[in-house]
1. Among the numbered criteria (1) closer than 24 Å to residue 122 by Cα; (2) loosely packed, with under 14 Cβ neighbours inside 10 Å; (3) modelled with pLDDT of 95 or more, which single criterion is violated by residue 15?
2. If you take the residues of the range 26-38 that are loosely packed, with under 15 Cβ neighbours inside 10 Å and touching a residue at least 60 places away in the same chain (Cβ under 8 Å), which of them is farthest from residue 99 (Cα to Cα)?
3. Here are some residues: 118, 58. Which one is under 13 Å from the mean Cα position of the chain (by Cα), surrounded by 12 or more Cβ atoms within 10 Å (Cβ to Cβ) and farther than 17 Å from residue 134 by Cβ?
4. Quick one: residue 41 ticks every box in (1) over 18 Å from residue 99 (Cβ atoms); (2) in contact with a helix residue (DSSP H, G or I) (Cβ under 6 Å, 6 or more places away or on another chain); (3) without any contact (Cβ under 8 Å) to a residue 40 or more places away in the chain bar one, so which box is it?
5. Determine which member of the set 80, 91, 73 is under 19 Å from residue 158 (Cα atoms) and crowded, with 21+ Cβ neighbours inside 10 Å.
6. Can you tell me which residue in the range 126-150 is surrounded by the most Cβ atoms within 10 Å (Cβ to Cβ), limited to those that are in contact (Cβ under 8 Å) with a residue 40 or more places away in the chain and part of a loop (DSSP other than H, G, I, E, B)?
7. Touching a strand residue (DSSP E or B) at 6+ places or on another chain (Cβ under 8 Å) and surrounded by fewer than 18 Cβ atoms within 10 Å (Cβ to Cβ): does that describe residue 110?
8. Can you pull out every residue in the range 1-20 that is within 23 Å of residue 92 (Cβ to Cβ) and in a helix (DSSP H, G or I)?
């Protein structure tokens, strides 16, 4: 069994992230380096990798997450920006992409990466989370407390780009400052 080190993702990791992505996703779900870099730039503290202990630049898994306006979905393979236009819109912790290469499967890396990023999201004040489960991953996410979310028309159109069976899911990840679950 290999040993893996979890650490925050860096820009230098993007070529390896692309390699893991190519091992895990259907061609229509592959995103460009620019799209992934934009997600990393939104919240570097919320993006993590699992590197091989004997080769720290070689990745076995990654997780890209970022804040995003709660009632919208980011586009697949789009370059993202989150600036002043969000205004007073409530933000959610959006889990954009998690992939575990075959060499890292069965090691609990996905749950470990999720726990690291979730801790950072909570420290950032984010109290709910959303994601789009693809390739039959909805059941795995349900194990972490996620459930399907009803969508507005615009969001439903965006989800269709993720392919048949894509499911928007959400959960609460903590309490709001006044003690109520957000």
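The values are calculated or read from the model by the stated rules, or taken from the named source; none is laboratory data. Predicted, not measured: the structure shown is a model, and the values here were computed from it. Cβ coordinates were reconstructed from backbone atoms using ideal geometry, including for glycine residues, and neighbour counts include every protein chain displayed.
1. Single failed check for residue 15: (1).
2. Among those that are loosely packed, with under 15 Cβ neighbours inside 10 Å and touching a residue at least 60 places away in the same chain (Cβ under 8 Å), it is 28.
3. 118
4. For residue 41, the failing item is (2).
5. Values: 80 fails: crowded, with 21+ Cβ neighbours inside 10 Å; 91 fails: crowded, with 21+ Cβ neighbours inside 10 Å.
After applying the criteria, what remains is 73.
6. Of the range 126-150, the ones in contact (Cβ under 8 Å) with a residue 40 or more places away in the chain are 126-130, 132, 134-135.
If we keep only those that are part of a loop (DSSP other than H, G, I, E, B) too, we end up with 126-127, 134-135.
Numbers: 126: 25, 127: 20, 134: 20, 135: 14.
Top of the filtered list is 126.
7. Answer is no for this residue.
8. 17
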